[in-house]
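J.: Once you've had a glance at the structure underneath, I'll fire off some questions.
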Amino acid sequence: MRVVLLSTYDLGRQPFGLASPAAWLRAEGHGVTTADLSREPLPLEAIRTADWIAFHLPMHTATRMAIPQIETARELNPRAQICCYGLYAPFNNEMLRTLGVTHVIGGEFEAALADLISGRAASTLPVILDRLPFRTPDRAGLPSLGEYARLVDGDQQKIVGYTEASRGCKHLCRHCPIVPVYEGRFRIVQRDVVLADIRQQVAAGAQHVTFGDPDFLNGPGHALAIIEAFYAEFPAVTYDVTIKIEHLLKHREVLPELARTGCLFITSAVESLDDGVLERLAKGHTRSDFIAALELTRAHGLLLSPTFVAFTPWTTRDTYLDLLRTIRDLDLIGNVAPIQLAIRLLIPSGSRLLELPDMKKDMNIEAFDSAALSWRWRHPDPEMDTLCSDLQKLVGLGDRLGASREQIFGMIWERAFGEPAEIPSGNDTAIPRLTEAWYCCAEPEEDPFTVV
């Protein structure tokens, strides 16, 4: 079969979601063309002649960006089978079918996709959680790692690889898009596969590796074994991981090993510093837990990079101003990507937030917005919606002007407080970060390629 695998957006990373199924399909003798549309044009001739066209939809932004591409693919090749796979595919099953998509797969998609294309299955369930014997991702044909987001470390920029050691999550945060698909389960990628994938990316120039697991410590034993083997083979290659505040405290014995083996920073979805909001989101930590985790990581020489959902229906002006003061007082301005201070809560189809009593009333929700692929909500205080919109524009402006995080924070502070910020002078350029901002359970409303 002639197969085209397409990615529209994956946070500036070379898409694991193309390389992994490509390995399965090429092993069965299919001709596979991969294209990352965030870095290269739609492969028109391959689309016209394809038997199968499959879109990877790992996040909300990628799904919205895929819609016109799906329409184009259907127009160019009416006879092709079109499949959408990945975390956001089952959320949007009904909408995708109206575009001419013939198959939708969520969860562990590689084997199901191979079965469909190889003719072993006529259809599949929208969500599959089978434990898979993974194959080493086949990255042939993808843009080089140098074309993707880089690590800024002082005055150096380093080439970044990306891999996954696990999928899903053991936790049930209400706002998380993983929960409706995995329902508290997670699946590991076998250690030898992870290491082989790292090995081929280091050979291709990677000097730093991002582990994209929703939570690297869902399986601490699995994670530790991987980083020990990784460090033994590539002691000069650094890495970053994503870990819940709850896990940083629970598995504190792992932190010295992360520091010893070259972990440059830990991303953690803190979301809010308001205990009431954290309870509604079922995050599993409190404001004081966050501060304890920050102190703990600093004690071990680790950099914590917190992310936030700064605007929710329960965020007040006072709690937002408190967020800014706390970031300043805890010396976190350089640790926080400015977009994190302007992100608005995203409520996709299937969100567990809708299980909260009076949620639709509290959020002024009227209907699902099929164009935005989310429930549109209005803050009870219209000034908070205006503030959010203004800050998103300020962040975009600051980025276009090449302003530092410290400078953009000052712009945000002045808009929020109505007066200039008193910010201790520092050197936020010394703090390692990637050149495309990470976000998870909420996404910027502006073009994601303009936000760093």
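The values are calculated or read from the model by the stated rules, or taken from the named source; none is laboratory data. Treat the numbers as computed from the prediction; the structure is a model and nothing was measured. Because the Cβ atoms are built from the backbone with ideal geometry, glycine has one as well, and the counts that use them run over all protein chains shown. SASA here: full protein model, heavy atoms, side chains in, ligands and nucleic acids out. Shrake-Rupley method; radii C 1.70, N 1.55, O 1.52, S 1.80 Å.
J.: Condition first: in a helix (DSSP H, G or I), within 21 Å of residue 434 (Cα to Cα), in contact with a Gly (Cβ under 9 Å, 6 or more places away or on another chain) and open to solvent by 10 Å² or more (accessible area, probe 1.4 Å). Can you find one or more residues in segment 187-199 that meet it?
T.: Checked against the condition, which is being in a helix (DSSP H, G or I), within 21 Å of residue 434 (Cα to Cα), in contact with a Gly (Cβ under 9 Å, 6 or more places away or on another chain) and open to solvent by 10 Å² or more (accessible area, probe 1.4 Å), segment 187-199 yields no hits at all.
J.: Would a scan of segment 332-347 turn up a residue that is part of a loop (DSSP other than H, G, I, E, B), over 30 Å from residue 432 (Cα atoms) and either within 22 Å of the chain's Cα centre (by Cα) or of a type in the set (A, V, I, L, M, F, W, C) (or both)? Before the answer, list the steps.
T.: Here is the first cut: in segment 332-347, the ones part of a loop (DSSP other than H, G, I, E, B) are 332, 336-337, 342-343, 346-347.
Then drop every residue that is not over 30 Å from residue 432 (Cα atoms), which leaves 347.
Now drop any that are not either within 22 Å of the chain's Cα centre (by Cα) or of a type in the set (A, V, I, L, M, F, W, C) (or both), which leaves 347.
Looking through segment 332-347, at least one residue is part of a loop (DSSP other than H, G, I, E, B), over 30 Å from residue 432 (Cα atoms) and either within 22 Å of the chain's Cα centre (by Cα) or of a type in the set (A, V, I, L, M, F, W, C) (or both).
J.: Quickly run through segment 226-249 and pick out the residues that are touching a residue at least 12 places away in the same chain (Cβ under 8 Å), assigned to a helix (DSSP H, G or I) and open to solvent by 10 Å² or more (accessible area, probe 1.4 Å).
T.: Those that are touching a residue at least 12 places away in the same chain (Cβ under 8 Å), assigned to a helix (DSSP H, G or I) and open to solvent by 10 Å² or more (accessible area, probe 1.4 Å): 228, 229, 231, 233, 246, 249.
J.: Please indicate, with yes or no, whether at least one residue in segment 343-357 is touching a strand residue (DSSP E or B) at 6+ places or on another chain (Cβ under 8 Å), farther than 21 Å from residue 226 by Cα, basic (Lys, Arg) and open to solvent by 20 Å² or more (accessible area, probe 1.4 Å).
T.: yes
J.: Could I ask something else about it? Mind checking which residues of segment 406-433 are modelled with pLDDT of 90 or more, among the acidic types (Asp, Glu) and exposed (fewer than 14 other Cβ atoms within 10 Å of the Cβ)?
T.: 414, 419
J.: Let me ask something else. When only residues in segment 357-403 that are in a loop (DSSP other than H, G, I, E, B) and either among the polar types (S, T, N, Q) or within 15 Å of residue 309 (Cβ to Cβ) (or both) count, which is farthest from the chain's Cα centre (by Cα)?
T.: This residue is 364.
J.: Let me ask something else about it. Exactly one condition in (1) assigned to a loop (DSSP other than H, G, I, E, B); (2) open to solvent by 30 Å² or more (accessible area, probe 1.4 Å); (3) closer than 25 Å to residue 188 by Cβ is not met by residue 134; state its number.
T.: Failing condition for residue 134: (2).
J.: Same structure, new question: Is it fair to say residue 436 is out of contact with any helix residue (DSSP H, G or I) (no Cβ under 7 Å at 6 or more places or on another chain) and either modelled with pLDDT under 65 or not β-branched (Val, Ile, Thr) (or both)?
T.: Working: out of contact with any helix residue (DSSP H, G or I) (no Cβ under 7 Å at 6 or more places or on another chain): yes; either modelled with pLDDT under 65 or not β-branched (Val, Ile, Thr) (or both): yes.
Yes, satisfied.
J.: Next question, about the same structure. I'd like the full set of residues that are more than 27 Å from residue 432 (Cβ to Cβ), surrounded by 21 or more Cβ atoms within 10 Å (Cβ to Cβ) and in contact with a Lys or Arg (Cβ under 6 Å, 6 or more places away or on another chain), limited to segment 148-178.
T.: Hit for segment 148-178 is 168, nothing else.
J.: Another question about this same structure. Does residue 72 satisfy being part of a helix (DSSP H, G or I) and either open to solvent by 30 Å² or more (accessible area, probe 1.4 Å) or free of Cβ contacts under 8 Å to residues at least 40 places away in the same chain (or both)?
T.: The answer is yes for residue 72.
J.: What about residue 142, is it in contact with a Pro (Cβ under 8 Å, 6 or more places away or on another chain), crowded, with 18+ Cβ neighbours inside 10 Å, in a loop (DSSP other than H, G, I, E, B) and in contact (Cβ under 8 Å) with a residue 60 or more places away in the chain?
T.: yes
J.: Would you please list the contacts, defined by Cβ atoms under 7 Å and residues six or more apart or on different chains, that run from a residue in segment 322-351 that is free of Cβ contacts under 8 Å to residues at least 24 places away in the same chain to a residue that is crowded, with 22+ Cβ neighbours inside 10 Å and not in a helix (DSSP H, G or I)?
T.: Close Cβ pairs satisfying both conditions: none exist.
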